[in-house]
Structures are given as structure tokens and as C-alpha cells.
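Visitor: Before we start, here is the structure in question, set down as C-alpha cells.
Quick note: the coordinates plus some simple rules give every number you see, no bench work behind them. The model shown is predicted, which means the values in this text are computed figures rather than measured ones. Glycine gets a Cβ as well: all are built from the backbone with ideal geometry, and neighbour counts include every protein chain shown.
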Amino acid sequence: MKKTWGKCVFVGVSILVVCAMFLALQPAPTKIRVGTYDSRIVALAYHRSALVAPSRQSLMDKMEKAKTEKNEKLMQELEAEVVTDHYYDMLQVFCQLPIGDILEKVKDKLPQVAQEAGVDMIVSQWEVMHKTPSVEIVDITSSLVKLFNPDEQTLKFIEGTKQQPPIPLLELLKKAVKEWRKEDEIE
């Protein structure tokens with residue numbers, strides 16, 4: 001009985017030692033680093049950048065031409081485009097509307113931003129609903145903002161926007177609908 005007990009202890013300890021050695025040889029799990037950004041801040045930097053100016057100027061030139069030619073139909077279409085663009089810009093800056101269309105314009109620079117920040121991927125901070133301890137979040141908002149070369153005034157607007165929570169999309173849409181209804185009543 002003593003021999004059997006001794007053999008069992010020896011086998012048990014041997015298994016524990018082998019398991020401990022196996023676990024010790026396993027590489028430590030690496031953290032996944034995720035670069036996140038405040039989409040409102042990046043949108044603000046973009047909408048006030050030189051990248052937007054040519055398309056806005058082109059639209060204004062078209063409106064001026066339509067006005068000169070007294071083309072009412074085209075004027076109404078262009079005015080609707082201006083209003084739509086303005087509201088879309090507002091939703092991106094004041095709510096949490098996705099900004100994939102903006103990041104598309106600088107997509108060739110995103111790998112460099114990711115590399116400099118040491119992140120494996122880039123996502124909006126508003127889209128991270130859960131993470132495990134093996135995921136490390138890195139704020140890269142300022143790196144993305146720099147891609148749009150913001151002027152001093154834009155940087156001041158950015159600081160003010162950072163202090164404000166995003167406006168819920170539904171709340172902003174309700175306000176817009178109320179304003180539209182008031183305008184309809186006036187006309």
C-alpha cells in the first residue's frame with residue numbers, strides 16, 4: 001500500500017511539474033491595441049479644413065450661375081443640397097454620426113497613424129460597447145485631427161466641443177422637424 005501511495009504521489013507531482021513547465025513555455029497573451037477617436041472632433045476638423053473648401057466653393061459658384069441665369073429649378077435643387085449638406089455636417093459634429101466618408105479622404109494616411117500610435121485597428125470610441133482585459137484602448141483623436149491641418153480657431157472650437165457630451169441623434173432630429181414645421185407654417 002505504501003508503494004502504491006508513493007507511486008501515486010510521484011505520478012501526480014510529475015504531472016503537475018509537466019503542466020507547469022508547459023504553461024511556463026506558453027507565450028504571454030499579447031494585448032490588442034485599439035485606436036479610438038471622437039468622431040465629432042474629427043468631423044469638426046474636417047468640415048473646417050481646406051479639403052472641404054473646393055467642393056463648397058463649387059456649389060456656391062453653381063448657385064451664383066443659376067441665379068444669374070434665373071434658373072429657379074436649379075436654384076431650388078442647389079439650395080436643398082446646401083441645406084442637406086449643412087444638416088449632415090451638423091449631425092457628424094454634434095451627434096455620433098459615423099464619419100467613414102471623412103476618413104475615406106485620408107485613408108492612405110491611416111496606416112501611418114496606426115503605426116505611430118502602436119494600434120492594431122481604428123474605430124470610433126462610440127462603437128466600443130465591450131472589451132476584454134486583453135484589449136487596450138488608445139485615444140488617437142488628436143492624431144486624426146492633425147491630418148486636416150486645423151487652424152487656431154478650429155482648435156478652439158475643438159476644445160469647446162470636447163467639453164460637451166454628444167447630442168443624441170433622435171433629440172436633434174426632433175428639433176429639426178419642429179423647425180421645419182415652423183418654417184412651413186410661415187410660408
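Visitor: Can you tell me how the range 59-174 classifies by the Cα gyration tensor, rounded, prolate or oblate, using a/c under 1.5 as the rounded cut? Intermediate results must be reported in sequence, preceding the final value.
Guide: Numbers: a/c = 2.49, a/b = 1.95, b/c = 1.27.
Verdict is prolate for the range 59-174.
Visitor: How do Glu152, Glu79 line up, fewest other C-beta atoms within 10 Å first? Walk me through the intermediate numbers first.
Guide: Working: Glu152 7, Glu79 12.
Ordered by Cβ neighbours within 10 Å, fewest first: Glu152, Glu79.
Visitor: Fewest to most neighbouring Cβ within 10 Å: what's the order for His47, His130?
Guide: Values: His47 20, His130 5.
Lowest to highest Cβ neighbour count: His130, His47.
Visitor: Could you line up Asp151, Asp89 from fewest to most neighbouring Cβ atoms inside 10 Å?
Guide: Numbers: Asp151 13, Asp89 17.
The fewest-first ordering by Cβ neighbours comes to Asp151, Asp89.
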